[in-house]
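Right, one structure below, let's go through it.
The values are calculated or read from the model by the stated rules, or taken from the named source; none is laboratory data. Everything numeric in this text was worked out from a predicted model, so none of it was measured. Cβ placement follows ideal geometry from the backbone for every residue including glycine, while neighbour counts extend to all protein chains displayed.
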Amino acid sequence: MLNSRVIVAEYGGPEVLKVVQEPLRMPQKDEIRVKVQSAGVALADIMRREGKFLNPPTPPFTPGYDAVGIVDELGEDVRQFSKGDKVAVFYNGTGGYAAYVYAKQDELVAVPPQVDSSLAVAAILNYVTAYQMLHRIAKVSEGESILIHGASGGAGTALLELGRLAKLKMYGTASLAKHSTVSGYGAIPIDYGNEDFVDFLQLHAPEGMDAVFDAIGGENYVRSLRTLSRNGRFVSYGYTSVLNEEDSGN
């Protein structure tokens with residue numbers, strides 16, 4: 001049998017993505033082979049493919065943070081799972097774009113069989129990231145105010161949904177076309193194309209933000225700091241601004 005996986009052959013645009021086939025090996029000791037049903041696609045995959053992510057892997061590599069599938073084969077000493085179990089795996093940015101993936105048994109999480117795999121995989125990277133930022137880094141409390149940049153994106157909507165559960169007052173920057181998405185989670189949208197978010201918050205929330213979550217980077221970091229309250233927390237989790245920068249030639 002053969003395994004198919006996607007590789008980034010060199011840094012660049014979508015044209016550098018190639019499909020390769022290789023013999024499907026048996027899992028090693030304490031390892032599990034998973035037949036992938038759904039794999040997540042993230043903006044960070046694009047940044048890695050273009051070589052713009054912090055310390056990007058050296059090509060060739062297989063992108064992909066997460067995958068959900070069925071346990072296909074067990075290595076020696078595997079006790080926690082059985083063939084046919086539905087599981088989720090979370091990689092550190094490489095490995096998910098494949099027909100079959102491998103992971104140690106303590107790197108897998110059981111997924112209820114009735115949960116659709118495409119829905120389950122959407123929760124892995126985005127919601128783990130959002131939960132960590134809200135509750136382990138910013139340590140938000142009920143009633144606090146937060147600002148989310150890129151609020152209509154994957155991690156942004158995860159922050160909105162978890163923030164609503166935590167009973168936070170939320171503001172989110174997004175394009176005008178995505179305002180209904182932001183407001184649908186109970187947040188106040190800010191049109192980043194036509195409104196200055198610093199001025200908007202100084203007018204509507206002069207007490208400042210208790211936490212700001214910024215995935216944009218660059219000058220946006222500096223401006224986000226201006227919106228914080230006296231004891232506000234700033235959480236940076238990306239720098240997507242580099243995708244819009246032209247190569248300087250340096």
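Residues of region 168-186 that are within 19 Å of Gly208 (Cα to Cα) and under 19 Å from the mean Cα position of the chain (by Cα): Gly172, Thr173. Filtering region 206-217 to residues that are in contact with a strand residue (DSSP E or B) (Cβ under 9 Å, 6 or more places away or on another chain) and exposed (fewer than 14 other Cβ atoms within 10 Å of the Cβ) leaves only Glu207. Give region 1-60 a look and list any residue that's part of a strand (DSSP E or B) and among the hydrophobic types (A, V, I, L, M, F, W, C), or say none. Across region 1-60, the qualifying residues are Leu2, Val6, Ile7, Val8, Leu17, Val19, Val20, Ile32, Val34, Val36, Ala39. The set of residues from region 195-234 being closer than 15 Å to Gly172 by Cα and charged (D, E, K, R) comprises Glu195, Asp196, Asp199, Asp210, Asp214, Arg223.
Taking strands (runs of 3 or more DSSP E) that do not extend beyond region 108-227, which have at least 2 residues that are in the same structural domain as Asp45 (by TED's automatic domain parsing) and out of contact with any Gly (no Cβ under 6 Å at 6 or more places or on another chain)?
Correct list: 108-110.
So, Val115, is that one within 14 Å of Gln37 (Cα to Cα) and either of a type in the set (Asp, Glu) or touching a residue at least 40 places away in the same chain (Cβ under 8 Å) (or both) or not? Against the criterion (within 14 Å of Gln37 (Cα to Cα) and either of a type in the set (Asp, Glu) or touching a residue at least 40 places away in the same chain (Cβ under 8 Å) (or both)), Val115 does not qualify.
For region 218-233, filtered to residues that are within 21 Å of the chain's Cα centre (by Cα) and surrounded by fewer than 17 Cβ atoms within 10 Å (Cβ to Cβ), the residue that is modelled with the highest pLDDT is Tyr221. Residue selection: Thr62 fails the criterion of being out of contact with any Leu (no Cβ under 8 Å at 6 or more places or on another chain), surrounded by fewer than 23 Cβ atoms within 10 Å (Cβ to Cβ), more than 18 Å from Arg25 (Cβ to Cβ) and assigned by TED's automatic domain parsing to the domain that holds Leu43. Lys167 passes every criterion in (1) farther than 23 Å from Ala42 by Cβ; (2) in contact (Cβ under 8 Å) with a residue 40 or more places away in the chain; (3) in contact with an Asp or Glu (Cβ under 6 Å, 6 or more places away or on another chain) apart from (2).
Scanning region 171-223 for residues that are more than 12 Å from Leu147 (Cβ to Cβ) and β-branched (Val, Ile, Thr) yields Thr181, Val222. Which condition number in (1) within 15 Å of the chain's Cα centre (by Cα); (2) not assigned by TED's automatic domain parsing to the domain that holds Ala42 is the one that Phe90 fails? Result: Phe90 passes all but (2).
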